[in-house]
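Right, one structure below, let's go through it.
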């Protein structure tokens with residue numbers, strides 16, 4: 001019995017760094033979000049910025065950069081998705097449709113989405129599952145960077161996000177931590 005008490009502190013001391021490092025490790029895999037945070041595809045304000053210290057033009061550039069990255073990740077491959085919907089204003093959607101003309105599934109306008117089930121967005125044209133992409137910006141950091149979260153939702157089992165940090169380079173914004 002005495003030996004058990006001597007081994008316990010040694011085991012705890014040996015395991016402590018592993019627990020600490022496991023909690024601090026950076027994981028590049030997407031983290032799933034709850035169904036309660038389904039994007040609404042509501043119209044965004046066109047003139048007022050939502051992040052203090054950023055112009056609406058800078059916000060748009062940041063959102064577009066995150067959307068471009070999400071669109072190149074092919075988060076919908078092999079999941080029966082027939083349409084991509086983007087929570088953004090019409091000019092951003094038009095620009096992304098122009099930049100990604102042959103993307104499969106296609107980027108569609110928000111009037112083609114059916115959100116009536118609230119569990120899975122559907123493409124009105126095919127009646128099949130669709131994915132919604134959205135971007136959430138955080139406050140401007142002291143170093144001039146902006147944290148942003150790129151989200152996707154295609155039902156509670158196929159939802160997640162990537163976190164980005166963007167920094168201005170000339171007139172453009174660049175992702176500092178690619179996924």
Query raised in the report: Somewhere in the range 147-169, is a residue within 13 Å of the chain's Cα centre (by Cα), surrounded by fewer than 20 Cβ atoms within 10 Å (Cβ to Cβ) and not in a strand (DSSP E or B)?
Result: yes
Report task. Could you please find all residues in the range 98-142 being surrounded by 17 or more Cβ atoms within 10 Å (Cβ to Cβ) and touching a helix residue (DSSP H, G or I) at 6+ places or on another chain (Cβ under 7 Å)? Result -> 107, 123, 133, 135, 137
Query raised in the report: Identify, please: which residue in the range 78-104 is in a loop (DSSP other than H, G, I, E, B) and within 16 Å of the chain's Cα centre (by Cα) and is, among those, farthest from residue 155 (Cα to Cα)?
Result: 88
Query raised in the report: For the range 95-113, does any single residue satisfy the condition of being touching a strand residue (DSSP E or B) at 6+ places or on another chain (Cβ under 9 Å), modelled with pLDDT of 95 or more and within 17 Å of residue 59 (Cα to Cα)?
Result: yes
Query raised in the report: Within the range 76-94, restricting attention to residues that are farther than 25 Å from residue 140 by Cβ and surrounded by 20 or more Cβ atoms within 10 Å (Cβ to Cβ), which residue is modelled with the lowest pLDDT?
Result: 76
**Report entry** Filter pass, residue 127 being more than 18 Å from the chain's Cα centre (by Cα), assigned to a loop (DSSP other than H, G, I, E, B) and at positive phi
**Finding:** yes
Report task. Determine, yes or no, whether residue 172 is in contact (Cβ under 8 Å) with a residue 12 or more places away in the chain, more than 22 Å from residue 85 (Cα to Cα) and exposed (fewer than 15 other Cβ atoms within 10 Å of the Cβ). Result -> yes
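The values are calculated or read from the model by the stated rules, or taken from the named source; none is laboratory data. All values reported here derive from a predicted model rather than from experimental measurement. In this analysis, Cβ positions are derived from the backbone assuming ideal geometry, glycine residues included, and neighbour counts consider all displayed protein chains.
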